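Written below as structure tokens is the structure these notes are about.
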Amino acid sequence: MEINVTAFQEAIENGNYQTTQFTATPEQVAQDGVEKDLQPAFAALDAALDQGILAQVDLVIESAEPTTVRLETGVINLPFADSRKVNNFLDEDATVPLRVNLIVISPYVNQSGLRIDIVAEADAYVQNRAANQAAVIAEVQEKLALIEAERTAPKPEALEVPAARAKATTTRKTAAKKTTTRKATAKKTTAKKTTTRKSAAKTTAAKKAATKTVSAKTAPKPKQ
């Protein structure tokens, strides 16, 4: 069975594929085994392949956090939801073999919550259905055991920080801003002393000196 990449993408985009869903409880799976619960899913896949129809067949294990086991036909190991990304890996004009993919969806299956594996090319699957179905059952059993282990694993407790190492919260006190009132310095006014020159006394002394000089010059010389 082969299909053109563009034709495959258009069929998925337009919803031209067969969807079938079956449900089971965790108690049913534990009691009957997943092999029994997968038989209707295998029958629906086989019918679609025999008619040459694209198919998506789900077995939903119902719980608070359900697990979906899905058998899906595709051209690469990508789910239908990512069919537009096929162009990143295959030429849009290429004609490629149709494949059967096993998809397990659960928050505990891995970090992305989705695990996808190629079971076989569609022709090889049809030619040896029993062996391929047995491989799918073994893979699903392994994944369900992993999911249960992860789901029931004790959650790591938050480590308590010793009191001595606890980071002290320091309250930063905002220093009160001191408002300084500047006292204006009183400007000392120096009284200017007015000095009274005793001009009169100096004038009188000068006159006296002048009189003496004149007297000395005009005085008659004594006769010898």
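Please treat every number below as a calculation from the coordinates, not as lab data. Computed from a prediction, not measured in an experiment: that's the story for all the values here. Quick reminder, even Gly has a Cβ in these numbers, built from the backbone with ideal geometry, and neighbours come from all protein chains shown.
A compact table of results
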read-out	value
Qualifying residue in the range 122-137 (condition: over 20 Å from P40 (Cβ atoms) and among the small types (G, A, S))	yes
Test: residue in the range 15-23 that is free of Cβ contacts under 8 Å to residues at least 60 places away in the same chain and more than 30 Å from N87 (Cβ to Cβ)	yes
Subset tally (residues that are closer than 30 Å to S63 by Cα and crowded, with 19+ Cβ neighbours inside 10 Å) for the range 82-98	1
Scope the range 75-100; condition aromatic (F, W, Y) and within 18 Å of M1 (Cβ to Cβ); matching residues	F80
Options R99, R70; residue that is in contact with a Gly (Cβ under 9 Å, 6 or more places away or on another chain) and without any contact (Cβ under 8 Å) to a residue 40 or more places away in the chain	R99
Single residue of I118, I137 found to be loosely packed, with under 15 Cβ neighbours inside 10 Å and in contact (Cβ under 8 Å) with a residue 40 or more places away in the chain	I118
Among residues of the range 38-74, those that are of a type outside the set (A, V, I, L, M, F, W, C) and surrounded by fewer than 20 Cβ atoms within 10 Å (Cβ to Cβ), counted	12
Condition broken by I147, with the remaining ones in (1) closer than 23 Å to N16 by Cβ; (2) surrounded by 12 or more Cβ atoms within 10 Å (Cβ to Cβ) satisfied	(1)
Matching entry among R129, R99, R84, R70 (being closer than 21 Å to V140 by Cα, among the basic types (K, R) and under 34 Å from the mean Cα position of the chain (by Cα))	R70
Test: residue in the range 114-123 that is farther than 18 Å from P97 by Cβ and out of contact with any helix residue (DSSP H, G or I) (no Cβ under 7 Å at 6 or more places or on another chain)	yes
